[in-house]
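Data first, discussion second: the structure below is written as structure tokens.
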Amino acid sequence: MIRKEKLLIVSHREIARDIFELTFQGDLAAEIKRPGQFVHVKVSDAAVPLLRRPVSIARADAAAGTITLIYRRGGEGTALLAARKQGERVDVIGPLGNGFPADDSLKGRKVLLAGGGIGVPPLYGLSLKLKALGAEPVHVLGFDTKSSVFYEKEFEAIGETFVSTVDGSTGTKGFVTDIIDLFRLNFDTLYACGPVQMLKALEMRFPEKEVYLSLEERMGCGIGACFACVCHVPGDPDGYRKVCSDGPVFKAGEVVLSC
Amino acid sequence: MIRKEKLLIVSHREIARDIFELTFQGDLAAEIKRPGQFVHVKVSDAAVPLLRRPVSIARADAAAGTITLIYRRGGEGTALLAARKQGERVDVIGPLGNGFPADDSLKGRKVLLAGGGIGVPPLYGLSLKLKALGAEPVHVLGFDTKSSVFYEKEFEAIGETFVSTVDGSTGTKGFVTDIIDLFRLNFDTLYACGPVQMLKALEMRFPEKEVYLSLEERMGCGIGACFACVCHVPGDPDGYRKVCSDGPVFKAGEVVLSC
Amino acid sequence: MLNIELPGLSLKNPVMPASGCFGFGKEFAGLYDLNRLGAIMIKAATPEARFGNETPRVAETPSGMLNAIGLQNPGLDKILAEELTALEQYDVPVIANIAGSRIEDYVRVAEEISAAPNTSALELNISCPNVKTGGIAFGTDPVMAGELTKAVKRVSSVPVYVKLSPNVTSITEIAMAVEQAGADGLTMINTLLGMRIDLRTGKPVLANKTGGLSGPAIKPVAIRMIHEVSRAVSIPIIGMGGIQSAEDVLEFLFAGASAAAVGTANFVNPFICLEIIDELPSVLKKYGYSHIRECIGRSHEDEAAYHYRT
Amino acid sequence: MLNIELPGLSLKNPVMPASGCFGFGKEFAGLYDLNRLGAIMIKAATPEARFGNETPRVAETPSGMLNAIGLQNPGLDKILAEELTALEQYDVPVIANIAGSRIEDYVRVAEEISAAPNTSALELNISCPNVKTGGIAFGTDPVMAGELTKAVKRVSSVPVYVKLSPNVTSITEIAMAVEQAGADGLTMINTLLGMRIDLRTGKPVLANKTGGLSGPAIKPVAIRMIHEVSRAVSIPIIGMGGIQSAEDVLEFLFAGASAAAVGTANFVNPFICLEIIDELPSVLKKYGYSHIRECIGRSHEDEAAYHYRT
Ligand SMILES: Cc1cc2nc3c(=O)[nH]c(=O)nc-3n(C[C@H](O)[C@H](O)[C@H](O)COP(=O)(O)OP(=O)(O)OC[C@H]3O[C@@H](n4cnc5c(N)ncnc54)[C@H](O)[C@@H]3O)c2cc1C
Ligand SMILES: Cc1cc2nc3c(=O)[nH]c(=O)nc-3n(C[C@H](O)[C@H](O)[C@H](O)COP(=O)(O)OP(=O)(O)OC[C@H]3O[C@@H](n4cnc5c(N)ncnc54)[C@H](O)[C@@H]3O)c2cc1C
Ligand SMILES: Cc1cc2nc3c(=O)[nH]c(=O)nc-3n(C[C@H](O)[C@H](O)[C@H](O)COP(=O)(O)O)c2cc1C
Ligand SMILES: Cc1cc2nc3c(=O)[nH]c(=O)nc-3n(C[C@H](O)[C@H](O)[C@H](O)COP(=O)(O)O)c2cc1C
Ligand code: FES
Ligand code: FES
């Protein structure tokens, strides 16, 4: 069930340039059903900024009651969030959205997880789950540059992990698609989260495969009521999906990428 | 000169119910010329609330570089200020206004200081100065109720001090004017700060005396540029004084009380 | 101490979600008991389904937000068949917000939707700033506003409230025109037309370029307009624009509103309507009132004249 | 990279304090060197001295403030004799804001004040919402606005900018009318009419009841209006409404303004104009521009059409 809770910050640290890992504790953790769900965060107790910020759940631990987010400090809201300290409480709504489908049928299957930049975080929780289900996750993580790389070790601990950077300062120079080509990575199912150009490239490249894409869109409510976050569906001009409540994960082809 | 400075909070404590004593350290302290001047405080670094809050300087110590304010936590702004902690910095503009006149000529004179509620604070610095000048200050301090009384001891250390409360829970029951009557307090000069009804009562009661009144008015700029804080002058419909830059202290009769 | 009777609306309390900020209620039904609400203003209905504008559709502004949803909705038939029926299980008056491009659109939607068993009132959206043909022309011209109101009144089987646009020189003129034309009540204000530009691209943030400004930023404009209009008309007003707390509701009642709707604040806190309803009694008491009726129109000098009388 | 030429105004940078938020400059002259400013818009002048409205005259709102000063000023003669002469020592263009109740008032003030040696331009305040006779009627009626502009143009020895009110259905209509009537430029926006009610008394906070809403809250409205008007006129616009930073100035330029004025922010931070001027070059560079001219009108699809050409 969706809850609103003042979650306690139990740890908060900068893990790469402008990339923060934030762990909360609270009852909300027990409600999380799937990797790829997200929370809606009131970054500050002040009245401004007004709107919440959607951030994916990078990992949830129901037993410990913890939720970990990884986010990039960019605009006003995430800068305020970055200033919040351990011991403080943050007003969070969640879990929201449906997340990545993953069940027993994936046992023994090769699954490829492709993440770009701040699209990487939800793949971490997903990979842990896939591994637990007996699948064989392989990770392809794309970043801008060396200083923005994070969680490489954490992903390596779960499965084979490739890193690319746009400027080649670490890992393979290029995009995640370049890595997939270069290393001829094969898979049964692909899960991806990152810039829409990356998602589009993956969708076009693997039309025959089972591909799941996690999207971003500017949000109002985050719960499906305001229609801020819709995207088109192929072939029906009036049709739509809401990223917040129908997504943020969609099967490739279900929605028109460009939104 | 008027400065804008991020002053360091060196102490901050609740000294009576909802009454806070806040001491800053900074270069601004050296600019303060007279008791009764005030500062304009940005209560929080957030964009809201937008406007600054005017607060009288209760005491300034140029040598130590400290400025003490005493304020009541009432609305949104003062509540945010009350949440600021020792070690934090607060954006302050000051000193503003002209304060109470006090010079050598007062040596040996009996001076009465009458304060009501949060009008009491500026009288403290004034009394210290008057005492230093060789005058004999007597204090009449009016409060609502026992739990809102503050600085009684501090004033007693300077000179005779009478306290009244509206509900009689401590001191004499009634208003400061009741105390002046009851104890037949006599004086050469009267300095007063408090609710406008109190100031008006004092002005009417002592038309022959030298009386100085410190006023409050809602402010925009605090420096004389916006005309938010004007009050009328007697006998000239177009005439005016600005509380922020011509005041906040006026000689009785100089401005029309009601503003 | 919270109940109030308005045309078609027997409200157990004066708090309701504003149109477009609550969908058709089903998302919030998962969060709390909708029976607690004074009423529900559902999302604008048009004759046919509309996708609305392209995204981005929202942008944040100081103490406010811009939206340019563009009246996306599943169309009249689906709303009747799926959305309204789903709300029948609740004992809450439904106010159906209707929009269109031409008078015929409004008339068709009004006729059919007002006949639904749980529609208690209509809210005529003549003020959507986000679609070229979304009724804004009706909202800025008193003659057209009056004509539309008359046409809808003729077919509606429930009382008709007209939702006013703040983007006009004289909102009172429009208010008087629709009162004259038979409106049973007013709802105000809709959003102020605004824009934000993305500094990186140099282009408007919203795909639609302009959007409607809502949230606390516009509250002083809403209060001013309700204060002004409530002097000029004798039909009740449901006030909205930046309400975030029970204190804000009180301010709207003082200004002259008889009830209050909460829009944007539902996004900040999906439980806000409930929290406001829970806090209203103690806030009323704090300021010395024992019933919301005592607050209505209180800001006017000749207070009594501005109490909407039920 | 900051200089720009506008009718009558040779600006070393595009940043100036807005009228009514800087008095006649003398208070700020004690804080910093006024020579640094692009220009100074002085407080509204009327033929006779005015006390203005009773206090309270200001109230705080979410990300904004209301004011109802009521055009208090020492009157034309004193302004000429004392205030303008005091500004002569600075190498800064002065834009004289003028107001009145009747066309004759404007004409008289315009004639005399435009002849002062350091008046570079006039700003015709046809939009003060805070006095019944403060020109708001001129600001909401295109015909009257045009007539007033013509009358003032006839007597003014310097270029005339007309300050537009946002409290209208179509600001573009007014803008086109005053351009037609000979205005050399526009300044926009003035404040939005608003109100706040004191919960303890139930009455409006401001003695004048209503006041003008300014500050960041209104920025999206200002940007929208400038965007719209700059498409319709070919005279330059000095933009204002909620500017607090160099980034905000950029947003106004993108929208179609050729320069920017800072009002309310001077109260929050009296050094703000200076700080914005200091930050502009690096902000321009950050977004890839080497001169403010490249930013003007950038938000429009056919960008080139909306650069005001000097
Ligand atoms: C489902 C979902 C999951 C996300 N997960 C993550 C994550 O795990 N880590 C992470 O760093 N970021 C994530 N994002 C992006 C994150 O929401 C934005 O980076 C953030 O909202 C920017 O806020 P700001 O205050 O820094 O930026 P500002 O530019 O100040 O924000 C202004 C407004 O635009 C919105 N906005 C700006 N960028 C985006 C964006 N990319 N997506 C949606 N809204 C945006 C903000 O929410 C706000 O309303 C996710 C977005 C979505 C929709
Ligand atoms: C020259 C001067 C000296 C002052 N000295 C003191 C002092 O030493 N101690 C103290 O406790 N208070 C003092 N005050 C009053 C103090 O400014 C207000 O209590 C404070 O501004 C209230 O802010 P708020 O956010 O709590 O209230 P809110 O009601 O949230 O404030 C809303 C707006 O109204 C203004 N406002 C509200 N009350 C007053 C008021 N009484 N005077 C001026 N503006 C007001 C605020 O500044 C703000 O702009 C002084 C006022 C003036 C003018
Ligand atoms: C995202 C969004 C969608 C809206 N959709 C509608 C709508 O469909 N019909 C309508 O009459 N008003 C609509 N409105 C306007 C609101 O009902 C309300 O009048 C306005 O937002 C002011 O209230 P607020 O400040 O509490 O949000 C919408 C507002 C928002 C923010
Ligand atoms: C206290 C105050 C006084 C003002 N006085 C005038 C005035 O005399 N003449 C005028 O044209 N505009 C006046 N204005 C309007 C401003 O010049 C400006 O147009 C408006 O405040 C929007 O800008 P801002 O949001 O930066 O304040 C005044 C504004 C304020 C806040
Ligand atoms: S954000 Fe409101 S519907 Fe998705
Ligand atoms: S507060 Fe601006 S002149 Fe006094």
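The values are calculated or read from the model by the stated rules, or taken from the named source; none is laboratory data. Please read all numbers here as calculations on a predicted model, not as lab measurements. Ideal geometry is used to build each Cβ from the backbone, glycine not excepted, and the neighbour counts take in all protein chains shown. The area values use the complete protein model at the heavy-atom level, side chains included, leaving out ligands, DNA and RNA. Shrake-Rupley method; radii C 1.70, N 1.55, O 1.52, S 1.80 Å.
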Volume in Å³ per residue [convex hull over Cα atoms, computed for the stretch B:3-96]: 84
Relative contact order, percent, chain D [alpha-carbon distance under 8 Å, six or more residues apart]: 18
Overall dimensions of the protein assembly as shown as given by Cα atoms, namely Rg and Dmax in Å: 31.4, 100
Burial of 50 Å² or greater, the stretch D:20-65 residues [accessible area, probe 1.4 Å, versus chain by itself]: D:Glu27, D:Leu31, D:Phe51, D:Thr55, D:Val58, D:Glu60, D:Pro62, D:Ser63
Counting DSSP beta bridges with both ends in chain B, the antiparallel % (nearest 5): 60
Lys, Arg +1 and Asp, Glu -1 on Cβ, resulting dipole of the protein assembly as shown about Cα centre, debye, nearest 20: 1120
Reduction of at least 50 Å² in accessible surface, 1.4 Å probe, comparing all protein chains with the chain by itself, residues of the stretch D:263-301: D:Phe267, D:Val268, D:Tyr287, D:Ser299
Full-stretch length increase - A:Asp178, A:Glu208 - with 0.36 nm per residue and alpha-carbon distance subtracted: 8.9 nm
Accessible area of the stretch A:3-96 belonging to carbon and sulfur atoms, whole % at 1.4 Å probe: 45
For chain C, with +1 on Lys and Arg beta carbons and -1 on Asp and Glu, the positive-most of C:Val268, C:Pro17, C:Ser114 along the dipole: C:Val268
Global geometry of the stretch D:1-130, whether rounded, prolate or oblate, following the gyration tensor of its Cα atoms and the 1.5 cut on a/c: oblate
Beta bridges per DSSP with both ends in the protein assembly as shown, % antiparallel, nearest 5: 50
Hull shadow area, averaged, the stretch D:168-289 [alpha-carbon convex hull, nm²]: 9.4
Neighbourhood charge, 13 Å Cβ-Cβ cut-off, centred on A:Cys244 and excluding it, Lys, Arg +1 and Asp, Glu -1: +2
Spin-label model distance (nm) - A:Glu88 vs D:Gln89, 7 Å beyond Cα toward Cβ: 4.6
Neighbour cut-off at most 15 other Cβ (10 Å), DSSP loop, trypsin sites (Lys or Arg not before Pro), the stretch D:97-198: D:Arg102, D:Lys132
Accessible area expressed per residue, chain C, with surrounding protein chains retained (probe 1.4 Å, Å²): 30
Dipole moment magnitude, nearest 20 debye, chain C about Cα centre, only Lys, Arg, Asp, Glu C-beta charged: 580
Accessible surface of the stretch B:104-216, 1.4 Å probe, proportion on carbon and sulfur as whole %: 51
Within the stretch A:3-96: Cβ-based charge dipole about Cα centre, in debye rounded to nearest 20 (Lys, Arg +1; Asp, Glu -1): 140
The stretch B:197-259: GluC sites (Glu not before Pro) in DSSP coil with no more than 16 other Cβ atoms inside 10 Å: B:Glu208, B:Glu254
More than 36 Å apart - percent of Cα-Cα pairs taken over chain A: 9
Carbon and sulfur %, accessible surface of chain C computed with the full protein complex present, 1.4 Å: 50
The stretch A:31-48 versus the stretch D:1-40: alpha-carbon centroid distance in Å: 45
Pairwise FRET efficiency - C:Ser234 versus C:Asn35, Cβ, R0 = 30 Å, nearest 0.05: 0.45
Neighbour-limited loop hits for trypsin sites (Lys or Arg not before Pro), the stretch D:221-310 (at most 16 other Cβ within 10 Å; DSSP other than H, G, I, E, B): D:Arg309
Spin-label zone in the stretch D:253-269 - amide nitrogen under 20 Å from a point set 7 Å from the Cα of D:Asn3 along the C-beta vector: D:258-260
Chains C and A together, accessible area buried on both sides, 1.4 angstrom probe, square angstrom: 2700
Interface size D-C, as summed buried accessible area [1.4 Å probe, Å², nearest 100]: 3500
Calculated label separations, A:Pro101, copies of the chain, 7 Å along the beta-carbon direction, nm: 8.6
Extension reserve of the A:Asp167-A:Ala63 stretch, reckoned as 0.36 nm per residue once the Cα distance is removed: 33.4 nm
Three-way shape label, the stretch A:147-259, alpha-carbon gyration tensor, a/c 1.5: prolate
³J(HN,Hα) computed for each position of the stretch C:247-253 - Karplus, 6.51 cos²θ - 1.76 cosθ + 1.60, integer Hz, glycine/proline x: 4, 4, 4, 4, 4, 5, 5
Reduced Cα scattering model of the stretch A:218-259, Debye log10 I(q)/I(0), q = 0.17, 0.18 Å⁻¹: -0.39, -0.44
Above-threshold pairs, the threshold being 27 Å between Cα atoms, out of B:Lys6/B:Lys146; B:Lys4/D:Lys26; C:Lys43/D:Lys209; B:Lys242/D:Lys78: B:Lys6/B:Lys146; C:Lys43/D:Lys209
Protein-protein interface of the stretch A:202-243, residues with accessible area decrease of at least 40 Å², isolated chain reference, 1.4 Å probe: A:Arg218, A:Ile223, A:Ala225, A:Cys226, A:Phe227, A:Ala228, A:Val230, A:His232, A:Asp238
Inter-copy separations for A:Phe206, label at 7 Å along Cα-Cβ, nm, ascending: 8.7
HN-Hα J in Hz across the stretch C:109-116 - Karplus 6.51, -1.76, 1.60, θ = phi - 60°, x for Gly and Pro: 5, 4, 4, 6, 6, 6, 8, 5
Cα-based shape type of chain C, given that a ≥ b ≥ c are square roots of the gyration tensor eigenvalues and the cut on a/c is 1.5: rounded
Pseudo-label separations to other copies for C:Ala137 - Cα-to-Cβ vector, 7 Å, nm: 3.2
Virtual spin-label span in nm between A:Lys153 and B:Asp144, 7 Å along Cα→Cβ: 5.7
Ellipticity estimate at 222 nm from DSSP helix runs (n ≥ 4, -39,500 (n - 2.57)) divided over the protein assembly as shown, nearest 500: -6500 deg cm²/dmol
Mean accessible surface per residue for chain A, computed with a 1.4 Å probe while every protein chain stays in place, in Å²: 41
